[in-house]
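J.: Structure incoming, see below.
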Amino acid sequence: MPNTISLAGEPRNTSTEVLQTSSTEKIGNVLLLSSVPPSSKYTGALMLHSMCQALPADKLSCFAVMTPGLSSEIHPDWRDIPYRHRQKPSESHIRHFPLHLGVIESYIKEQSVAKFAVPRIAEEILAFAERVGAQKIWCTLEGQTLIRLAASLQKQLPLPMVAQIWDPPGWWLRDNNVDRFSRAEVLADFAKILSNSKTTVAAASWAMAEQYKQEFGCNAIPVIPGLPKDWAFEPAAGLNDAETLTIGFAGQLYSSEEWNCLMQALESVDWKVEGRPVEVRALGRTFGLSAEGRRNIRFYGWRSQKETLHILSECDILYCPYWFSPKFETESRLSFPSKLTGYLASGRPVLFHGPSYSSPSRFLSEHDAAMQCNSLNQKNLIDAISTLVADSALYSRLPLNGTKAFHGHLTEEHMQAQFLKALKN
């Protein structure tokens, strides 16, 4: 899932008990169908774990159709719920033949999965759903297998469904080199799922909820990744010291063009801004690095949520890149980077580097909660950083507004309330 912050899980939050007792009576037994179980190992699994905390354990079951190579271990909070997992067919295609032959190769593989593997898995899920007494399906629509499974279940189970969408499906299909004929079939299934009167969409952003309501006529509710409200740091009043400048980054590095622009921009000024040496601090599970010139990067690796927030809170500026490429226009407009939740909770000013039409840019502009550079021009990017360093009033205003935006829209409590709203529809 491209648009996420790499954070590890924390103990179960007991503050949701009021939500559970007052808001779950109409929901019934919920079967979670996803590519990972709720756990602390992966970003998507962390969000699932946080959302599951809004439900009593006796109302939850999980069937994970696992992405190959990922751990099937479920979070200790959910070890007693009905749980089953099996491996997902590979969704990525390495084409061994050129041009049209490669397209045919991909299509044959996809048709084989659709006609043989998916029905077998669907039968397992149907039997599991009957055994646990499922009354509602909560399905993460990520990848062609889960989309096909959701479409199959809708035909065979007369149950309401909450379709959890973190990114528009086109990104995954392109990134995994799926042929255009199979893509068209999967997107048609996706449209049928969202157009079904029994489907409620848990959308990744406000923009996604708006568009899917218009496009598919569905009930779409924005469910944005959140963190506990009492984890937020006090807004910073100024830079950490008078000599250095630290720029923080957390999460998956999927916006490579934008990241390279930052690296080249810093190289162009010899890694000094307003006379201050610059250090970039990066947090995440993996972080591919290459350099033809000087780099000053400190890599922290994977850290827990609280430790990540603490490290971010000690940086001067937090860098949030997002796609400029027209290839990713849909994803940029409709997705929302969960790293932004952590950034705004850290109490430090955010430097957003992405197009003005993107979902995060619109959100940040509405709340005056970030310095923005809406181009890939290196000078403009350095100017934005310099302005943050030189303008003390701006530097203190942005994190203050960011903290307000976090408490208003991006807390875990708000996310869970939105999730329950989706489940009750």
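J.: So how many residues does the range 91-122 have that are modelled with pLDDT of 85 or more and not β-branched (Val, Ile, Thr)?
T.: 15
J.: On to the next question. Do we have any residue at all in the range 265-285 that's assigned to a loop (DSSP other than H, G, I, E, B), among the hydrophobic types (A, V, I, L, M, F, W, C) and out of contact with any helix residue (DSSP H, G or I) (no Cβ under 8 Å at 6 or more places or on another chain)?
T.: yes
J.: Somewhere in the range 203-215, is a residue crowded, with 20+ Cβ neighbours inside 10 Å, farther than 25 Å from Asn380 by Cα and of a type in the set (S, T, N, Q)?
T.: Yes, the range 203-215 contains a residue that is crowded, with 20+ Cβ neighbours inside 10 Å, farther than 25 Å from Asn380 by Cα and of a type in the set (S, T, N, Q).
J.: Something else: Considering only the range 247-265, state which residues are in contact with a strand residue (DSSP E or B) (Cβ under 6 Å, 6 or more places away or on another chain) and farther than 12 Å from Leu351 by Cβ.
T.: Across the range 247-265, the qualifying residues are Ala250, Ser255, Trp259.
J.: Exactly one condition in (1) buried (at least 21 other Cβ atoms within 10 Å of the Cβ); (2) modelled with pLDDT under 95 is false for Val280; which is it?
T.: (2)
J.: Let me ask another. Which residue is surrounded by the fewest Cβ atoms within 10 Å (Cβ to Cβ), if the candidates are limited to the range 72-102 and must be over 30 Å from Ser50 (Cβ atoms) and in contact with a helix residue (DSSP H, G or I) (Cβ under 7 Å, 6 or more places away or on another chain)?
T.: His96
J.: Please go through the range 222-259 and pick out each residue that is of a type in the set (Gly, Ala, Ser), under 21 Å from Asn377 (Cα atoms) and touching a residue at least 60 places away in the same chain (Cβ under 8 Å).
T.: Within the range 222-259, Gly248, Ser255 qualify.
J.: If you go through the range 368-400 one residue at a time, how many are within 28 Å of Glu257 (Cβ to Cβ) and without any contact (Cβ under 8 Å) to a residue 60 or more places away in the chain?
T.: 16
J.: Next up: Would you check if His49 is farther than 19 Å from Asn177 by Cα and in a strand (DSSP E or B)?
T.: Judged against the criteria, His49 is not a match.
J.: Which one of the conditions (1) of a type in the set (A, V, I, L, M, F, W, C); (2) closer than 23 Å to Leu334 by Cα; (3) surrounded by 20 or more Cβ atoms within 10 Å (Cβ to Cβ) does Ala232 fail to meet, given that it meets all the rest?
T.: (2)
J.: While we're looking at this one, here's another question. Please determine whether any residue of the range 108-131 is touching a residue at least 40 places away in the same chain (Cβ under 8 Å), part of a helix (DSSP H, G or I) and over 23 Å from Leu157 (Cβ atoms).
T.: Yes, the conditions are met somewhere in the range 108-131.
J.: May I ask you to list the residues in the range 247-264 that are part of a helix (DSSP H, G or I) and of a type in the set (A, V, I, L, M)?
T.: Once the filter is applied, which keeps residues that are part of a helix (DSSP H, G or I) and of a type in the set (A, V, I, L, M), the range 247-264 yields Leu262, Met263.
J.: With the requirement that a residue be basic (Lys, Arg) and either under 20 Å from Asp167 (Cβ atoms) or surrounded by 23 or more Cβ atoms within 10 Å (Cβ to Cβ) (or both), what does the range 41-71 give you?
T.: Lys41
J.: In addition: For Val178, are the conditions met, namely being in contact with a strand residue (DSSP E or B) (Cβ under 6 Å, 6 or more places away or on another chain) and in contact (Cβ under 8 Å) with a residue 40 or more places away in the chain?
T.: So Val178 does not fit the description; no.
J.: Can we say Gly217 is modelled with pLDDT under 95 and not assigned by TED's automatic domain parsing to the domain that holds Leu364?
T.: no
J.: With (1) free of Cβ contacts under 8 Å to residues at least 60 places away in the same chain; (2) under 23 Å from Ile108 (Cβ atoms) as the list, and Gly170 as the residue in question, which single condition is left unmet?
T.: Condition not satisfied by Gly170: (1).
The values are calculated or read from the model by the stated rules, or taken from the named source; none is laboratory data. The structure presented is a predicted model; accordingly, all values stated were derived computationally and were not measured. All Cβ positions, glycine included, derive from the backbone under ideal geometry; neighbour counts span all protein chains shown.
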